[in-house]
Amino acid sequence: MPGAAVPVLALLLLVAAPLAPAPAPVGAATVGQSYDEVTQTVIAEVDAFWGRAFAAADLAYASPTAVAVDGPLTTACGPADSSTVAASYCGADQTIYYTPSFFLQAEREIGNFAWITVLAHEWGHHVQNLLGVERLPGNRFELQADCLAGAYARDAEARGLLEPGDITEATGMSAAGGDPIWLPQDELGAHGTNDDRIKAFMRGNLDGVVGCALPVALAAPSDVIVGGTTPSVAAGLFGLLPTGDDVVAGSTPIEEGGRTLEEIAATFPDPVDAAHRLATWGFQENAYRTFVPADGVGLFQVSLHRFGSAAAAAQALPYYADGRAAVLGLVELPTRRLGDQTIAVGGPVAEGSEVTLYVRRSDVLIRVSATVPTGDPAAVARDAARAVLAKPLVELPAPRLALADLLPTAAQLPPGLLPTEEGARSEAEITASFPDPVDAAQRFVTWGWRENAYRSFAAPDGDSTASGTTSLEVSLHRFASAAGAAEALPYYADGRAVSLGLREIPFAPIGDGARAVGGTVAAGEEVTIYAWRGDLLVRVSAVAAAGDPTADALAVAEAVVANAA
């Protein structure tokens with residue numbers, strides 16, 4: 001943990017990744033308390049927040065233990081020392097370890113809500129642990145904990161516990177704890193850059209728990225936005241829409257919703273062409289909200305469109321602008337750039353004058369249309385676009401189940417097979433099984449191979465399944481992307497066929513795609529099915545001493561693909 005002379009930035013770089021507890025704001029509830037009493041009050045506040053959130057979702061919640069570290073000690077996760085650990089969570093004993101001297105220094109250098117943010121981050125790790133969120137290489141695990149800390153701050157603010165400047169202190173702490181820009185962000189333990197961490201915290205602070213992409217529908221009572229719409233991972237665009245006051249004080253939302261691809265295409269001059277283009281660009285979702293200003297004069301609407309990639313959204317933006325201009329007789333207007341890309345169109349309409357801004361940020365296309373009976377609505381349109389851009393647009397991906405949890409259970413196996421072995425193979429072990437291990441190793445890097453888990457089954461001596469299967473193995477391989485898994489599938493199948501002298505077997509696709517190979521091996525007849533689902537590649541190999549193992553291999557492959565859905 002840091003000493004009094006060590007700057008907070010240096011200390012934060014020592015914060016351990018998987019940890020547990022969280023705090024509450026140092027406001028009225030802590031007046032007149034000693035420092036230790038304040039810490040315990042904060043711990044109780046954070047714990048109570050998560051207790052309420054879990055109870056609202058009808059989930060069991062277990063409080064972590066919080067332990068102050070003032071010297072060397074041994075935890076269930078290894079040694080900890082106040083000179084090297086600011087705060088950390090140990091999932092093995094569900095304990096948050098924190099160093100009071102670090103908290104005091106953070107309070108002196110940044111403010112009293114700085115150390116509370118660190119504690120809330122560690123409590124986020126406890127929540128991840130309770131929900132079975134897997135810690136994978138990359139910064140997403142840590143950024144999700146930052147988001148959960150922001151969600152706690154949101155709730156504390158709603159209950160009047162925050163003091164002026166607390167959120168600024170929280171973001172200051174998040175920035176101080178960011179990784180250097182040269183540190184790789186695809187490795188285990190990466191925490192994210194300064195900007196990453198601030199955005200993640202503010203995501204939780206703006207959208208609440210529902211904006212943090214937990215694997216369950218967990219939400220706190222304060223996670224509500226104007227109009228009664230609660231954002232979810234699937235409908236996250238609603239969380240990015242302005243409330244009205246952040247555009248024009250006193251503005252009232254009068255309508256909100258989401259339009260389908262077909263509904264949006266119908267608004268273009270050529271709906272058939274538009275529908276084809278939107279599908280090609282990977283249109284995913286839409287959310288909109290319409291407002292009336294406080295004076296009741298005019299109207300403005302914000303409509304968000306998410307596409308399959310930033311490149312697709314970039315292509316869509318001028319098409320959207322040209323389409324609206326053609327339908328309403330508008331013209332392109334000069335404008336300063338907002339976000340990554342901007343086009344403005346405007347002109348007279350039936351209601352007066354309209355200015356519509358199309359702004360892109362990453363894969364999200366923002367349309368803001370403002371109309372007034374008289375005057376220029378450009379300022380309102382720009383303010384509304386800025387209100388959306390001020391919110392973090394990048395959603396945290398939904399955490400994935402551990403590979404071992406996707407392996408088949410006894411109930412998903414053909415009767416007669418019993419588990420004999422399970423584990424995980426390294427990249428080196430797997431590439432060594434290919435005909436050309438050097439080529440395989442290079443391809444694994446290109447495809448972003450991440451991890452493996454396998455489980456083997458066999459029938460007792462002299463026995464078999466009804467189809468004759470005597471042994472079966474399921475091996476799962478996770479890649480950095482669905483594209484990597486898709487490219488790996490035929491390479492895996494061809495490699496096994498060459499190594500074992502198998503042949504291609506005609507096979508109906510399952511999941512996102514499949515290949516099957518089979519033939520005679522030393523133990524009998526083998527059938528191996530490779531199925532691809534998202535970033536996951538599934539291998540099911542079944543061997544029959546006498547009989548055909550195809551039906552058993554297919555049944556298990558379908559079960560595993562369903563587990564991964």
Projected onto the charge dipole of the chain (unit charges on the beta-carbon of Lys, Arg, Asp and Glu, signs +1, +1, -1, -1), the Cα from Ala384, Ala559, Ala531 with the largest positive-side position is that of Ala384
In square nanometres and to one decimal, what's the mean projected area of the convex hull around the Cα atoms of the chain?
-> 30.6
Pull up all non-local amide H partners of Thr75: gap of 5 or more, or a different chain, and H-to-H distance under 5 Å with H placed in the peptide plane.
-> Ala80
222 nm mean residue ellipticity, helices alone, for the chain (DSSP H n ≥ 4; -39,500 (n - 2.57); rounded to 500) = -11000 deg cm²/dmol
In the chain the DSSP beta bridges are antiparallel at a rate, in percent to nearest 5, of 95
Express in nm, to one decimal, how much length is gained between Asp376 and Thr260 on full extension, taking 0.36 nm for each residue of separation and deducting their alpha carbon distance.
-> 38.6 nm
Cleavage-rule hits (trypsin sites (Lys or Arg not before Pro)) in region 445-532: DSSP loop, at most 10 neighbouring Cβ within 10 angstrom = none
Sorted from largest down, what three extents in whole angstroms do the Cα atoms of region 236-389 have along their principal axes?
-> 42, 32, 28
Low-density loop cleavage sites - GluC sites (Glu not before Pro) in region 303-370, where at most 13 other Cβ are within 10 Å (DSSP) = Glu351
Express the relative contact order of the chain as a whole percentage, based on alpha carbon pairs under 8 Å and six or more residues apart in sequence.
-> 9
In percent, what relative contact order does region 403-563 have, based on Cα pairs under 8 Å that are 6 or more apart in sequence?
-> 23
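Bear in mind these aren't lab numbers, they're just calculated from the coordinates by the rules spelled out. Note that this is a predicted model, so its numbers are computed, not measured. When we count neighbours, we look across all protein chains shown, and the Cβ atoms used for this are built from the backbone with ideal geometry, even at glycine.
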